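Reading through the structure tokens given below for one structure.
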Number of protein chains: 2
Amino acid sequence: MHTGIAGAVSRIEVSRTGTTAPDSRMGLAAPLDRIIVGDCIASLDSLADASVDLVFADPPYNLQLEHALTRPDQSLVDAVDDDWDKFASFGEYDAFTRRWLTACRRVMKPDAALWVIGSYHNIFRVGAILQDLGFWILNDIVWRKANPMPNFRGRRFTNAHETLIWATRSSSKRYTFHYEALKGGNDDLQMRSDWFIPLCTGDERLKGADGRKVHPTQKPEALLARVLLASSNPGDVVLDPFLGTGTTAAVAKKLGRRFIGLEQDPGYAAAAERRIAGVSPVTSAAVAAAPARRSEPRVPFLSLIEAGLIAPGETLRDQRGRHQALVRADGTLLLGPAVGSIHKIGALAQGLPACNGWTFWHVERAGAPVPIDDLRSAFRTAFKAAA
Amino acid sequence: MHTGIAGAVSRIEVSRTGTTAPDSRMGLAAPLDRIIVGDCIASLDSLADASVDLVFADPPYNLQLEHALTRPDQSLVDAVDDDWDKFASFGEYDAFTRRWLTACRRVMKPDAALWVIGSYHNIFRVGAILQDLGFWILNDIVWRKANPMPNFRGRRFTNAHETLIWATRSSSKRYTFHYEALKGGNDDLQMRSDWFIPLCTGDERLKGADGRKVHPTQKPEALLARVLLASSNPGDVVLDPFLGTGTTAAVAKKLGRRFIGLEQDPGYAAAAERRIAGVSPVTSAAVAAAPARRSEPRVPFLSLIEAGLIAPGETLRDQRGRHQALVRADGTLLLGPAVGSIHKIGALAQGLPACNGWTFWHVERAGAPVPIDDLRSAFRTAFKAAA
DNA sequence: TTTGCATATGAATCGCGGA
DNA sequence: GTCCGCGATTCATATGCAA
């Protein structure tokens, strides 16, 4: 599937703004916004420990595996025990998978995440090995293709999807996920695990001088964009160990992320280089981190009283006026004999184990109930303006 | 999760029309249209070689739940915490998987096929072991749930699908696939690998005397119907090694297939028996693929950006140009310091409690304002076949 | 009878930061 | 590292009761 593009390239500087990442314990500097041409494992081994925030991998389909699988003799063997000779090709693919995943794991920061995309030929093996290595699967995602190639012989279902696995380096709880941003771009409904995205065609598809596609499995930029928007921040370092013609790098540049691209094939790397050079980043306002409720500064309820937004002695009620509590000067609430935080007293009032007091309690303003969360927002706005 | 159903049952005859299959090389008769209560492996070992045409397996998923989960309203999610789903390690789960798959393989006819359903917790392991044992994967199928449980903490994508693997016993090319029937039931389009089917709820869901669900993971009959119609013939013997409350058997009976059901739990088996007794086979003329249910063609605003119909950084305006907002790369809008969906920001701009962003916002095309709803229509038209 | 509101629920690996 | 408390978080259906 090679075209006539480019010759031997040992290292390609992709961007004039390329810099290096801070030294790590290994004392090596990671080359940012560049493509490293060479063996994937060797290139990974040259990177510093804990230096990347996100990995996106589109690993190769093992040709040897394909060849071995077409052998006609498997039906003759009534397999109960493993026959090494028979499964040698799977074993080789597994060993390769284990090597590159292990190498990726080393260069990932502790809270980094990894994405892998594959089809039924390889994704089950990749997923099982991921788990064996200690990665922690967060979701499997289905890329539903808008326009898949039909099954010409009519012997199977149209292969209309590919599978992505999203996993953290370990089962530690911290990872990047822009939940609210994705929800906001989806009619205020949380984004599901099935994504409907067209194939990479038309102008987006890289063509050689002969008009033929440069790479057989070029992924759509829309797919990478959703991955990067969901699970990385502007400025994050995104590593693609099988860069191909550079979709990951192009989208990373467009969205204000840094990238490290590894590619064995100089032709692909050269095509990727030219492609990336032509990418203009979108404006920072279009990609700047959106304010998430979780990351907003904490506001003690007491601050609202101190700011005069709520008076000591006022009565708080729930939306429908079924529960009420008295505001004390110290920022606690009084309900019968009980004194406690807005959350504790809200939970107590409803007989529930927990409660978000900010959204549960209301004060009366101009004859209508106003959530105290609105007062908190006003406080934050005023505070920001003052600061 | 047991209900008060039934007591000890050693073998349950489900149908008065039950017969036995022809003797095999092992000289054992397979009990047809019956449920065998007992250990799955032992029961499989009691069946004759090469005696079944199709296997459908819904094995334990090995879910690894760490804590109780509550909905935002503090109600408790009734999770799958049954003993039968607990395994000490991946290694143990793998060994279990290898045992039952190997046992199934023996009782499958040479041209028989097998289906397994699972989630990301187990399906990668199952798929890899399938391949190791010599099964030949034909497709992986995605069951897209119409009404999945949301992700209550907003920490991941909604887990909106499960995966099925369809595989033959070996790489032999012969297997049953009713391509034309499925195509006919799908508006004369090839049936794709992503199926949109609702959860099993309402009257179809088996309830105990206490009104609670009998089985935590009962599958929808529509799913089994599509599987059996696609990959089996009337009169074929369908084996389910994890019958549960009998969906496979009930659909098999309805569609004129024979079944062998294995179930460890006498309570589940008894419920299945009663259920199956109430099933009437449909006339053979009516045994055709149920029309595919089409998902609602909801289009995320983000998809318009991904498709290049709107560029990140563009300005949206209302019809008369009195309000404007900036399009962000993630499909949210930016208005002053506020970031939110097209609906939220539309409402904010007008000072209204709600707004339909699709009709409110416009982009400029050829010097004239175009509602973004028109772009959505264009997107739908371009990809309507896949909805 | 119809309409509308309140409630129930589904295979789920479902916080985070400061002390 | 652990502990503790704040406070963030849900969608499509089905059903039952009230008006």
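The values are calculated or read from the model by the stated rules, or taken from the named source; none is laboratory data. Since the structure is predicted, the reported quantities are computational estimates derived from the model, not experimental observations. All Cβ positions, even for glycine, are placed from backbone atoms using ideal geometry, and neighbour counts span all protein chains on display.
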TODO: Report, by residue number, each residue of the stretch A:302-320 that is part of a strand (DSSP E or B) and within 16 Å of DNA strand C (Cβ to nearest atom).
DONE: A:Arg317, A:Asp318
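Taking the condition of being more than 9 Å from chain A (Cβ to nearest Cβ) and either closer than 17 Å to A:Val282 by Cα or touching a residue at least 12 places away in the same chain (Cβ under 8 Å) (or both), how many residues in the stretch B:328-344 meet it? Spell out the reasoning first.
Narrowing the stretch B:328-344 to residues more than 9 Å from chain A (Cβ to nearest Cβ): B:335-336.
If we keep only those that are either closer than 17 Å to A:Val282 by Cα or touching a residue at least 12 places away in the same chain (Cβ under 8 Å) (or both) as well, we get B:335.
Number satisfying all stated conditions: 1.
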- [ ] Answer yes or no: is there a residue in the stretch A:318-327 that is without any contact (Cβ under 8 Å) to a residue 40 or more places away in the chain, within 14 Å of another protein chain (Cβ to nearest Cβ) and either within 12 Å of DNA strand D (Cβ to nearest atom) or more than 21 Å from A:Arg293 (Cα to Cα) (or both).
- [x] no
- [ ] Could you pull out the residue among B:Ser295, B:Ser303 that is modelled with pLDDT of 95 or more and of a type outside the set (A, V, I, L, M, F, W, C)?
- [x] B:Ser303
TODO: Scan the stretch B:159-214 for residues that are β-branched (Val, Ile, Thr), crowded, with 17+ Cβ neighbours inside 10 Å and within 18 Å of B:Leu114 (Cα to Cα) and jot them down.
DONE: B:Thr163, B:Ile165, B:Thr168
Task: Search result, residues across the stretch B:64-74 that are within 19 Å of A:Ala347 (Cα to Cα) and surrounded by 11 or more Cβ atoms within 10 Å (Cβ to Cβ) - done: B:Leu69, B:Thr70, B:Arg71, B:Pro72, B:Gln74
Task: Residue list for the stretch A:250-276, restricted to those being facing chain B (nearest Cβ under 10 Å) and surrounded by fewer than 22 Cβ atoms within 10 Å (Cβ to Cβ) - done: A:Lys254, A:Gly256
Open item on the list: Take B:Leu243 and tell me if it is assigned to a helix (DSSP H, G or I), among the hydrophobic types (A, V, I, L, M, F, W, C) and more than 16 Å from DNA strand D (Cβ to nearest atom).
Closed with: no
- [ ] State yes or no: is A:Arg293 of a type in the set (Lys, Arg), away from chain B (no Cβ under 14 Å) and either within 30 Å of B:Leu334 (Cα to Cα) or more than 16 Å from DNA strand C (Cβ to nearest atom) (or both)?
- [x] no
Open item on the list: Which residue is nearest to B:Asp58 (Cα to Cα), if the candidates are limited to the stretch B:156-174 and must be in contact (Cβ under 8 Å) with a residue 60 or more places away in the chain and more than 7 Å from every other protein chain (Cβ to nearest Cβ)?
Closed with: B:Leu164
- [ ] Kindly provide the set of residues from the stretch A:191-200 that are part of a loop (DSSP other than H, G, I, E, B) and either at pLDDT below 95 or away from DNA strand D (no atom under 16 Å from the Cβ) (or both), ordered by number.
- [x] A:Pro198, A:Leu199, A:Cys200
- [ ] Output the residues belonging to the stretch A:333-345 that are within 40 Å of the chain's Cα centre (by Cα) and either away from DNA strand C (no atom under 14 Å from the Cβ) or not basic (Lys, Arg) (or both).
- [x] A:Gly340, A:Ser341, A:Ile342, A:His343, A:Ile345
Task: From B:Asp188, B:Asp203, B:Asp210, residue being acidic (Asp, Glu) and not in a loop (DSSP other than H, G, I, E, B) - done: B:Asp203
- [ ] Mind listing just one residue for me: the one in the stretch B:126-155 that is without any contact (Cβ under 8 Å) to a residue 40 or more places away in the chain and under 18 Å from B:Glu92 (Cα atoms) and, of those, nearest to the other protein chains (Cβ to nearest Cβ)?
- [x] B:Gly127
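Do you know which of the residues in the stretch B:66-94 that are within 11 Å of another protein chain (Cβ to nearest Cβ) and in contact with a Leu (Cβ under 6 Å, 6 or more places away or on another chain) is nearest to DNA strand C (Cβ to nearest atom)? Walk me through it before giving the result.
Filtering the stretch B:66-94 for residues within 11 Å of another protein chain (Cβ to nearest Cβ) gives B:66, B:68, B:70, B:72-76, B:89-91, B:93-94.
In the following step, the residues that additionally are in contact with a Leu (Cβ under 6 Å, 6 or more places away or on another chain) were identified as B:70, B:74.
On the way: B:Thr70: 8, B:Gln74: 10 Å.
Looking at the filtered set, the residue picked out is B:Thr70.
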- [ ] With the checklist (1) within 14 Å of DNA strand C (Cβ to nearest atom); (2) of a type outside the set (Val, Ile, Thr); (3) part of a strand (DSSP E or B); (4) at the interface with chain A (Cβ under 7 Å from one of its Cβ atoms) in hand, flag the one item B:Trp115 doesn't pass.
- [x] (4)
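Pick out the one residue from A:Val279, A:Val299 that is surrounded by fewer than 19 Cβ atoms within 10 Å (Cβ to Cβ), within 16 Å of DNA strand C (Cβ to nearest atom) and of a type in the set (A, V, I, L, M, F, W, C). Even if it seems obvious, please write down each step before you answer.
Working: A:Val279 fails: within 16 Å of DNA strand C (Cβ to nearest atom).
Every option except A:Val299 fails the conditions.
Yes/no matrix, rows are residues, columns are (1) within 16 Å of DNA strand C (Cβ to nearest atom); (2) assigned to a strand (DSSP E or B); (3) among the hydrophobic types (A, V, I, L, M, F, W, C); (4) in contact with a His (Cβ under 8 Å, 6 or more places away or on another chain):
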position: A:Arg322; (1), (2), (3), (4): yes, no, no, no
position: A:Gly331; (1), (2), (3), (4): no, no, no, no
position: A:Ala347; (1), (2), (3), (4): yes, no, yes, no
position: A:Pro353; (1), (2), (3), (4): yes, no, no, no
position: A:Glu364; (1), (2), (3), (4): no, yes, no, no
position: A:Val370; (1), (2), (3), (4): no, yes, yes, yes
position: A:Leu375; (1), (2), (3), (4): no, no, yes, no
position: A:Phe379; (1), (2), (3), (4): no, no, yes, no
position: A:Ala382; (1), (2), (3), (4): no, no, yes, no
Task: Boolean, B:Phe152 is surrounded by fewer than 23 Cβ atoms within 10 Å (Cβ to Cβ), part of a strand (DSSP E or B) and within 21 Å of the chain's Cα centre (by Cα) - done: no
TODO: Could you look through the stretch B:11-62, keep only residues that are modelled with pLDDT of 95 or more, in a loop (DSSP other than H, G, I, E, B) and within 14 Å of chain A (Cβ to nearest Cβ), and pick out the one that is nearest to DNA strand C (Cβ to nearest atom)?
DONE: B:Tyr61
